[in-house]
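Below is one structure, written out as structure tokens; comments come after it.
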Amino acid sequence: RNIAVIPNPLPTPMPAVSAVTRMRERGSLGSGTVFVTSASELEDPVKSISSVVTAFEEAFASDSTARLIVVGRGTLRSQHAGVRAVGRVSQDELYRLLSMADYFVVASLAENQPLAVAEAQAMGVSLLARDAAGLPEHLDIDAEGGLFQDVSSLAKLLREKAKTSRLTTSRRQLSLAARKKFE
């Protein structure tokens, strides 16, 4: 039987596509690649945030310019200089963080179609996702995204993605494609 899938719609209001690239000021994050990961509860084993932190620590030395921004409530254990926990944030603060990010990392062991991925892509942020459940489906519009299976393959993917800068044009294309798909 044919099954129609209707994606969750993006929340409104979102910053306009034209504003996405203008918001890109990095401020205190420096010039390196910026990765963002999030969960309502950082300790939720299904969300596997600790595996993202571990992979980042394996991928980059403490003096690296790469940054991992962790959004969500709970305790984060990392002594790595590039890892920053920001706690829970408002929707506007999330959009500001995403505007500074290059990649959104989702290590969940089980997901379907998380709204956080749609929001990140609508902000021009490429997805790095565990090869599980509904996550790979989000790469249909995301040529710069990637999949991983475990901590070591994520560490390798993070290193690989940090070697090149994402272009403003590719961010804009992803933002437009995501808004078309999820609106």
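Of all residues in region 91-102, exactly one satisfies the criterion of being surrounded by 20 or more Cβ atoms within 10 Å (Cβ to Cβ) and polar (S, T, N, Q), namely SER99. Checking region 40-63 against the condition returns a match, with at least one residue being hydroxyl-bearing (Ser, Thr, Tyr), in a helix (DSSP H, G or I), in contact (Cβ under 8 Å) with a residue 60 or more places away in the chain and open to solvent by 50 Å² or more (accessible area, probe 1.4 Å). Every test in (1) surrounded by 21 or more Cβ atoms within 10 Å (Cβ to Cβ); (2) aliphatic (A, V, I, L, M); (3) at pLDDT below 95 is passed by VAL105 save one, and that test is (3). Among the residues of region 159-168, how many are open to solvent by 80 Å² or more (accessible area, probe 1.4 Å) and either part of a loop (DSSP other than H, G, I, E, B) or more than 15 Å from TYR103 (Cα to Cα) (or both)? Here the count works out to 4. Hey, among the residues in region 64-90 that are open to solvent by 60 Å² or more (accessible area, probe 1.4 Å) and not in a strand (DSSP E or B), which one's farthest from PHE148 (Cα to Cα)? Going through the qualifying residues, I end up with ARG88.
Among the residues making up region 121-145, a single one is surrounded by fewer than 20 Cβ atoms within 10 Å (Cβ to Cβ), of a type in the set (Gly, Ala, Ser) and either closer than 16 Å to ALA55 by Cβ or touching a helix residue (DSSP H, G or I) at 6+ places or on another chain (Cβ under 7 Å) (or both): ALA132. What do you reckon, is ALA162 on the phi < 0 side of the Ramachandran plot, touching a residue at least 12 places away in the same chain (Cβ under 8 Å), in contact with a helix residue (DSSP H, G or I) (Cβ under 7 Å, 6 or more places away or on another chain) and of a type in the set (Gly, Ala, Ser)? Considered against the rule, which asks whether it is on the phi < 0 side of the Ramachandran plot, touching a residue at least 12 places away in the same chain (Cβ under 8 Å), in contact with a helix residue (DSSP H, G or I) (Cβ under 7 Å, 6 or more places away or on another chain) and of a type in the set (Gly, Ala, Ser), ALA162 comes out as no.
The values are calculated or read from the model by the stated rules, or taken from the named source; none is laboratory data. In this text, all values refer to a predicted model and were calculated from it rather than measured experimentally. So basically every Cβ, Gly included, is an ideal-geometry build from the backbone, and we count neighbours across all protein chains shown. For the accessible areas, the whole protein counts, side chains as well, though only heavy atoms, and no ligand, DNA or RNA atoms are used. Shrake-Rupley method; radii C 1.70, N 1.55, O 1.52, S 1.80 Å.
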